[in-house]
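Novice: The following block contains the structure, expressed as structure tokens.
The values are calculated or read from the model by the stated rules, or taken from the named source; none is laboratory data. Computed from a predicted structure; not experimentally measured. Cβ coordinates were reconstructed from backbone atoms using ideal geometry, including for glycine residues, and neighbour counts include every protein chain displayed. Please note that ligands, DNA and RNA were not included when accessible areas were found on the heavy atoms of the full protein model with its side chains. Shrake-Rupley method; radii C 1.70, N 1.55, O 1.52, S 1.80 Å.
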Amino acid sequence: MKKIISILKYCSVKFSTIKNQLILFFIILAIIPTGIISSIFYTKSTENLTKKTQNILQMNFHLLENNILKEINLIDKVVNQIYLDDKMIDLLSYSPSTRRYFYLFLKYKFVNDITGITQSSEFENILNTYTSTLDYSNQSQAKLYVYNNGFGTYKFPSNVFDLSIVQSTPWYVDVPADSSPHIMYFPKSQNRNLPQGVNYVRRLYGLKNYNLTFSTLVTIELPMDEITNMLTSLKPTKGSQLFLINEDNIIISSTQKDLIFTSCKDSYLSSLPDIYSENSFTTNIVDNMSTKTLLSTTSIPNFNWKIVSLTPLNEINQDIYQIQQLIKLVVIIILLFSFIIALFLANRISNPIKKLISSMSSLDADNLYVEIKDYHFNDEFSYLINHYNATNKKIRDLIKMLTETEKLKKEAEFKALQAQINPHFLYNTLDAVNWLSLKYDAEDISTMVTSLSDFFRYSLSKGKTIIPLKNELIQTESYLTIQKIRFPNIIDYSIYCDDAIKECSIVKLTLQPLVENAIIHGIEPTDEPGFIGINCIKKEDTIIIEVQDNGIGADVDTLNYLLNNESIHNRSYGLKNVNQRIKNYYGESYGILFTENNPKGLTATITLPCITYEEMDKNVNNDNRR
């Protein structure tokens, strides 16, 4: 007990310094997370690899199943062609007792085998014609077993045989009595005239003579070598074994070729009961000959076949084992580096901390010019010290800026007051001129001065950018009134606006530049009376404003191009500025579009969202505050 107490006291003294605490902290910090991460990484990697292998196997099983069905469907298609061949139908339908089919003697010259022209040669020709479309070696494994229907003795070729040689076999009774296809396994036999291996089997009947009870049997061997090669190519690892098992638990194809055409009961697969599962896809970890193995099975429901895969787990996790050894080496290296870095950092941390504490102690309101200049390392403390110095400098600069800002604020307030006085002086002067003109019955002068006063008043709009549509129309009408007085009997105009949209918002000075452009570039060059029409209507949630003239017109494609091309600055600047201000406030989907009038003139169409002035003015003010 005393020894334990003494050790604890020694440790408390030994690790009381920052240096020793950092060493211990870095070692613990390196060991614990590294150990936890390594353990989690190994476990998750093993699970992920196993799951990935399962997914690969499932996809491979599905691919193999599709390819097997594709081969069988191809054979079935060929047999259907054989069955429905006109000559084959006649051959299968012939009966010597039926006078109706006597013409076959003349059609196919069926005589005895002395002439060498036999019925069986016709069968062979048909069989070879259609099986030639099969692009693999089982073409030579196609066999036809023909019932002797009274033509005499057959002279059989290599792939046409008498049905009697298979009628005595035990499997013949298992062939479906109808004409449906069936996949059957045939054991190896010394008699090469019998079907061998896995075959497509089907009875063929005379479709023109339903009174016949006999049938012809066609067998075509499946390309099991190709299926075996496919199994080999789908192995997830080098040591994996794949098996294709039929409904009688016979291994009909396998990557382990010595087990092909053997029973599962006679192989080591008999100790794996999960291979008899009828589920679509199952996986399990089993002991296979004292080796942990991933067992995966799936069923091919069309034929009640099973695909079985055995993959050793040590092969799946082989890369993980190598990573595990690498992790151990990395942990050792990390511990060594942690110890060295802890020693180095312990000697580096205390000095900059002391410098910061000393500088902060001397910093106060009367002494802001305090900087740390004697630290020359480029590390976190350098970052802190540089920002500490930068913060002190910003404080000094802000104090200086605040002083200058107060001075500029006072100047701005004076200029704002002066700016308010100047417009009022202008309005008062114009009002005096108006009263003088009325005094001397100069109504034209009075109208022009009043219009000019309204024009300036609504142009300024107390400095606001967004105004009600009705104010914009008043300002535009004031401008048109002045122009009408300037050009009597030359310029006339009309303005219409739906009452429902008069309180809607618009960007100030939107219409006047368009009207001015129509007068200067459209009407004046014609030397004829001109007319400008302004129509404001509401269409759903959109305001449509049309400014029409009957002037000389222009190329609308060029005008629209100039409006939307930011790279051109020296032409149509005023109109482009109006269009851009609309888009800035309301969005890219709004703006100006020029179209041609019939027979002459232009129409400038302005599209705006239907937003009230109060709502838009509130949004603009909120944005300005931000």
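Novice: Mind checking which residues of the stretch 341-358 are hydrophobic (A, V, I, L, M, F, W, C) and surrounded by 12 or more Cβ atoms within 10 Å (Cβ to Cβ)?
Specialist: Going through the stretch 341-358, the residues hydrophobic (A, V, I, L, M, F, W, C) turn out to be 341-346, 349, 353, 356-357.
Listed by number, the residues that qualify are 341, 342, 343, 345, 346, 349, 353, 356.
Novice: I need the full set of residues from the stretch 193-231 which are in a helix (DSSP H, G or I), free of Cβ contacts under 8 Å to residues at least 60 places away in the same chain and crowded, with 16+ Cβ neighbours inside 10 Å, in order please. Step through it out loud before you land on a result.
Specialist: Filtering the stretch 193-231 down to residues in a helix (DSSP H, G or I) leaves 224-231.
When the remaining residues are screened for being free of Cβ contacts under 8 Å to residues at least 60 places away in the same chain, the result is 224, 228-229.
Within the stretch 193-231, 224, 228 qualify.
Novice: Would you mind stating whether residue 560 is closer than 18 Å to residue 476 by Cβ, touching a strand residue (DSSP E or B) at 6+ places or on another chain (Cβ under 6 Å), surrounded by 12 or more Cβ atoms within 10 Å (Cβ to Cβ) and polar (S, T, N, Q)?
Specialist: Numbers: closer than 18 Å to residue 476 by Cβ: no; touching a strand residue (DSSP E or B) at 6+ places or on another chain (Cβ under 6 Å): yes; surrounded by 12 or more Cβ atoms within 10 Å (Cβ to Cβ): yes; polar (S, T, N, Q): yes.
When the stated conditions are applied, residue 560 does not pass them.
Novice: Now for a separate question. Quick one: is residue 381 among the hydrophobic types (A, V, I, L, M, F, W, C) and touching a Pro at 6+ places or on another chain (Cβ under 6 Å)? So that I can check it myself, show each step before the final result.
Specialist: Numbers: among the hydrophobic types (A, V, I, L, M, F, W, C): yes; touching a Pro at 6+ places or on another chain (Cβ under 6 Å): yes.
Taking the combined requirement at face value, the residue satisfies it.
Novice: Inspect all residues belonging to the stretch 524-533 and state whether any of them is under 55 Å from the mean Cα position of the chain (by Cα) and either modelled with pLDDT of 90 or more or part of a strand (DSSP E or B) (or both). Before you say what the answer is, go through the steps one by one.
Specialist: Taking the stretch 524-533 as the starting set, the residues that turn out to be under 55 Å from the mean Cα position of the chain (by Cα) are 532-533.
Among the residues that remain, those that are also either modelled with pLDDT of 90 or more or part of a strand (DSSP E or B) (or both) are: 532-533.
Yes.
Novice: Follow-up question, since we're still on this one. Within the stretch 485-507, which residues are assigned to a strand (DSSP E or B), within 19 Å of residue 590 (Cβ to Cβ) and free of Cβ contacts under 8 Å to residues at least 60 places away in the same chain?
Specialist: Initial filter on the stretch 485-507 (assigned to a strand (DSSP E or B)): 491-497, 504-507.
Filter once more, so that each one left must be within 19 Å of residue 590 (Cβ to Cβ): 497, 504-507.
Passing the criteria: only 497.
Novice: May I pose another question? Take the stretch 580-605 and flag every residue that is polar (S, T, N, Q) and either at pLDDT 90 or above or outside any helix (DSSP H, G or I) (or both).
Specialist: As a first pass, look at the stretch 580-605 and keep what is polar (S, T, N, Q): 580, 584, 589, 595, 597-598, 603, 605.
If the condition is that a residue be polar (S, T, N, Q) and either at pLDDT 90 or above or outside any helix (DSSP H, G or I) (or both), then 589, 595, 597, 598, 603, 605 are the ones that fit.
Novice: While we're looking at this one, here's another question. Considering only the stretch 523-551, state which residues are surrounded by fewer than 21 Cβ atoms within 10 Å (Cβ to Cβ), in contact with an Asp or Glu (Cβ under 6 Å, 6 or more places away or on another chain) and of a type outside the set (Phe, Trp, Tyr).
Specialist: Within the stretch 523-551, 535, 537, 538 meet the criteria.
Let's see how each residue does on (1) at pLDDT 85 or above; (2) surrounded by fewer than 19 Cβ atoms within 10 Å (Cβ to Cβ):
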{"position": "57", "(1), (2)": "no, no"}
{"position": "63", "(1), (2)": "yes, yes"}
{"position": "67", "(1), (2)": "yes, yes"}
{"position": "102", "(1), (2)": "no, yes"}
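Novice: Return the residues of the stretch 321-363 that are farther than 30 Å from residue 50 by Cα and among the polar types (S, T, N, Q); say none if nothing qualifies.
Specialist: 338, 347, 350, 351, 358, 359, 361, 362
Novice: Another question, then. Answer yes or no as to whether residue 567 is under 43 Å from the mean Cα position of the chain (by Cα), at pLDDT 90 or above and assigned to a loop (DSSP other than H, G, I, E, B). Full working, then the answer.
Specialist: On the way: under 43 Å from the mean Cα position of the chain (by Cα): yes; at pLDDT 90 or above: no; assigned to a loop (DSSP other than H, G, I, E, B): yes.
Considered against the rule, which asks whether it is under 43 Å from the mean Cα position of the chain (by Cα), at pLDDT 90 or above and assigned to a loop (DSSP other than H, G, I, E, B), residue 567 comes out as no.
Novice: Scan the stretch 166-181 residue by residue and report those that are within 20 Å of residue 79 (Cβ to Cβ) and open to solvent by less than 60 Å² (accessible area, probe 1.4 Å).
Specialist: 166, 171, 172, 175, 176, 179, 180
Novice: Does any residue of the stretch 237-250 turn out to be over 55 Å from the mean Cα position of the chain (by Cα) and not polar (S, T, N, Q)? Reasoning before the result, please.
Specialist: In the first step, residues of the stretch 237-250 are kept if they are over 55 Å from the mean Cα position of the chain (by Cα); the result is none.
Checked the stretch 237-250: no residue is over 55 Å from the mean Cα position of the chain (by Cα) and not polar (S, T, N, Q).
Novice: Scan the stretch 297-322 and report the pairs whose first residue is on the phi > 0 side of the Ramachandran plot and whose second residue is at pLDDT 80 or above, with Cβ atoms within less than 6 Å and a gap of 6+ or a chain change.
Specialist: Taking only residues 6 or more apart or on different chains, the pairs are 304/247.
Novice: State which residue is modelled with the highest pLDDT when the search covers only the stretch 281-304 and only residues that are in a strand (DSSP E or B) and out of contact with any helix residue (DSSP H, G or I) (no Cβ under 8 Å at 6 or more places or on another chain). Please lay out each step first, then the result.
Specialist: From the stretch 281-304, those in a strand (DSSP E or B) are 281-288, 291-300; that's our starting set.
Those left that are additionally out of contact with any helix residue (DSSP H, G or I) (no Cβ under 8 Å at 6 or more places or on another chain): 287, 299.
Details: 287: 79, 299: 84.
Looking at residues that are in a strand (DSSP E or B) and out of contact with any helix residue (DSSP H, G or I) (no Cβ under 8 Å at 6 or more places or on another chain), I get 299.
Novice: Sticking with this structure for a sec: Kindly indicate the residue of the stretch 232-265 that is of a type in the set (D, E, K, R) and assigned to a loop (DSSP other than H, G, I, E, B) and also most open to solvent (accessible area, probe 1.4 Å) among those meeting that condition. Even if it seems obvious, please write down each step before you answer.
Specialist: Of the residues in the stretch 232-265, the ones of a type in the set (D, E, K, R) are 235, 238, 247-248, 257-258, 265.
Those still in the list that are assigned to a loop (DSSP other than H, G, I, E, B) too: 235, 238, 247-248.
Working: 235: 57, 238: 185, 247: 69, 248: 101 Å².
Selected residue: 238.
Novice: Look through the stretch 32-54, keep the residues that are within 29 Å of the chain's Cα centre (by Cα) and surrounded by 12 or more Cβ atoms within 10 Å (Cβ to Cβ), and return whichever of them is farthest from residue 281 (Cα to Cα). Reasoning before the result, please.
Specialist: Within the stretch 32-54, the first condition is being within 29 Å of the chain's Cα centre (by Cα), and the residues that meet it are 44-45, 47-54.
Filter once more, so that each one left must be surrounded by 12 or more Cβ atoms within 10 Å (Cβ to Cβ): 45, 49-50, 52-54.
Details: 45: 23, 49: 18, 50: 15, 52: 15, 53: 13, 54: 10 Å.
Only one residue tops the list, namely 45.
Novice: OK, next. Of all residues in the stretch 311-351, count the ones that are within 36 Å of the chain's Cα centre (by Cα) and at pLDDT 80 or above.
Specialist: 2
Novice: If you take the residues in the stretch 591-611 that are open to solvent by 50 Å² or more (accessible area, probe 1.4 Å) and touching a strand residue (DSSP E or B) at 6+ places or on another chain (Cβ under 6 Å), which one is nearest to residue 531 (Cα to Cα)? Walk me through how you get there before you give the answer.
Specialist: Start the filter on the stretch 591-611 by keeping residues that are open to solvent by 50 Å² or more (accessible area, probe 1.4 Å), which leaves 593, 595-596, 598-600.
Of the ones still in play, those that are also touching a strand residue (DSSP E or B) at 6+ places or on another chain (Cβ under 6 Å) are 593, 595.
Details: 593: 20, 595: 17 Å.
Out of the qualifying residues, it is 595.
Novice: Could you list, in sequence order, all residues of the stretch 390-400 that are of a type outside the set (Gly, Ala, Ser) and under 52 Å from the mean Cα position of the chain (by Cα)? Break it down stepwise before answering.
Specialist: At the first step, the residues of the stretch 390-400 found to be of a type outside the set (Gly, Ala, Ser) are 391-400.
Answer for the stretch 390-400, where residues must be of a type outside the set (Gly, Ala, Ser) and under 52 Å from the mean Cα position of the chain (by Cα): 391, 392, 393, 394, 395, 397, 398.
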